[in-house]
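The values are calculated or read from the model by the stated rules, or taken from the named source; none is laboratory data. Everything numeric in this text was worked out from a predicted model, so none of it was measured. Ideal geometry is used to build each Cβ from the backbone, glycine not excepted, and the neighbour counts take in all protein chains shown.
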Amino acid sequence: MAAAATAATASYSTLSTKHNLSISTTHHINKNHSLGFPFLSETSVRIRPLSLPRSAKLPVKVMATSAATPVKKTSGLSSGAVAPTVVDVDLGDRSYPIYIGSGLLNQPDLLQRHIHGKRVLVVTNTTVAPLYLDKVVSALTVGNPNVTVESVILPDGEKYKDMDTLMKVFDKAIESRLDRRCTFVALGGGVIGDMCGYAAASFLRGVNFIQIPTTVMAQVDSSVGGKTGINHRLGKNLIGAFYQPQCVLIDTDTLNTLPDRELASGLAEVIKYGLIRDAEFFEWQEKNIHALMARDPDAFAYAIKRSCENKAEVVSQDEKESGIRATLNLGHTFGHAIETSYGYGHWLHGEAVAAGTVMAVDMSYRLGWIDESIVERVHNILKQAKLPTSPPEMMTVDMFKSVMAVDKKVADGLLRLILLKGPLGGCVFTGDYDRKALDETLHAFCKS
């Protein structure tokens, strides 16, 4: 449903239980954390099992954790290939699968089936390359001698998500004489995924690309849905394109090397899904937030799967954000203002979104659209996730207003926001709100 640029409101409520953005990628080896993510059986729509190659062992099927029950501890996976969970993004002839599971980079067929030509360019960064580049190159080429792989290693961080860095991708592609049958592979977090996707959309007017996200943020949000782009000094993600990948491969083992701060940042997007459309998922999060913070493998496997299901369903209904997809930006209008004003990279994307979510919830309450209990529950879960619940002290009302004025959701000069309305799981994408409530919220969170 399209949202009018006038004072019209698009409302979205909780759907049945069957039902993007970017961060710097700063992996470090963390020997104290080991995630052995188990295979989850398919319990939601557009989930299908994937047939294994003949050489692979049959999977041991484990029942998916119920949203209403605590997460059960697990000792991890045994050796051998295990079939991934597959969530389909339904976009007609541009549909694609999201593969989710442990050890997927050790299953070459998953990637090779999506390589249509003989040339591949892997785009990654200085942090992720030493950890996973060799493994990805092996997965692309083992038993497949006709494929040659080039790589370009970019500097790591949100501050490098710009045109100058993007040109390094084009330079490598042109110097390597890649053609229209080549495939770009994004190996990293949200910054790498967004930049590689935009490069793929632009190079030779469009080549295939694959997402291999290695952060929680990228796995639950930014790698799915085809939003690609770069930042401008005046605003985040203002330059880009909608361009869908051939597949998204989520090897949950890559989270073993993710720092605690990055892991918490990704949880901001997980929490978002519960607030805007999946009340049962939010209630599950409240019960299992400590398990998620402790990197419990069952908890994370379920959270990633459920998040991808929510994202896939929304994208399938509204690929280019003319209506319901905009609701996925809860907290992002305030959050992007923080990132732009404070300087890209000082706060992680999820940290800014968390503070922005609290501000959006505060405004929703001031409008009389939600109960005070929801305000309290949002504060509590974000604090337990060790995420900010207020913007940096340097932020001013004028800073917020200046950046929000060029937000992508502005239409005909009208700033439209995603706000909560009604019971948990209900939200609106609207320009029809009392401007006094916005001013009150901004002044409540800013010193000037």
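Each row is one residue, and each column tells you yes or no for (1) crowded, with 24+ Cβ neighbours inside 10 Å; (2) over 21 Å from VAL220 (Cα atoms); (3) at pLDDT 95 or above.
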{"position": "LEU330", "(1), (2), (3)": "yes, no, yes"}
{"position": "PHE334", "(1), (2), (3)": "yes, no, yes"}
{"position": "HIS346", "(1), (2), (3)": "no, yes, no"}
{"position": "VAL353", "(1), (2), (3)": "yes, no, yes"}
{"position": "VAL361", "(1), (2), (3)": "yes, yes, yes"}
{"position": "TYR365", "(1), (2), (3)": "no, yes, yes"}
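Summed over the stretch 389-448, residues that are assigned to a helix (DSSP H, G or I) and either basic (Lys, Arg) or on the phi > 0 side of the Ramachandran plot (or both) total 3. Quick check: anything in the stretch 120-131 crowded, with 23+ Cβ neighbours inside 10 Å and in a helix (DSSP H, G or I)? No; the residues of the stretch 120-131 include none that is crowded, with 23+ Cβ neighbours inside 10 Å and in a helix (DSSP H, G or I). Comparison of ILE381, ILE370 shows that the only residue that is touching a Ser or Thr at 6+ places or on another chain (Cβ under 9 Å), of a type in the set (A, V, I, L, M) and either under 18 Å from GLY235 (Cα atoms) or not in a strand (DSSP E or B) (or both) is ILE370.
Selection over the stretch 390-423 of residues that are within 14 Å of GLY356 (Cα to Cα) and touching a Phe, Trp or Tyr at 6+ places or on another chain (Cβ under 8 Å) gives a count of 10. Listed conditions (1) in contact with a Ser or Thr (Cβ under 9 Å, 6 or more places away or on another chain); (2) under 26 Å from SER95 (Cα atoms); (3) of a type in the set (Asp, Glu) are all met by ASP179, apart from (1). Could you tell me whether the stretch 296-311 includes any residue that is within 21 Å of GLY431 (Cα to Cα) and at pLDDT 95 or above? Looking through the stretch 296-311, none of the residues is within 21 Å of GLY431 (Cα to Cα) and at pLDDT 95 or above. For the stretch 212-243, a residue qualifies if it is outside any strand (DSSP E or B) and surrounded by fewer than 24 Cβ atoms within 10 Å (Cβ to Cβ), and the qualifying residues are GLY226, ARG233, LEU234, TYR243.
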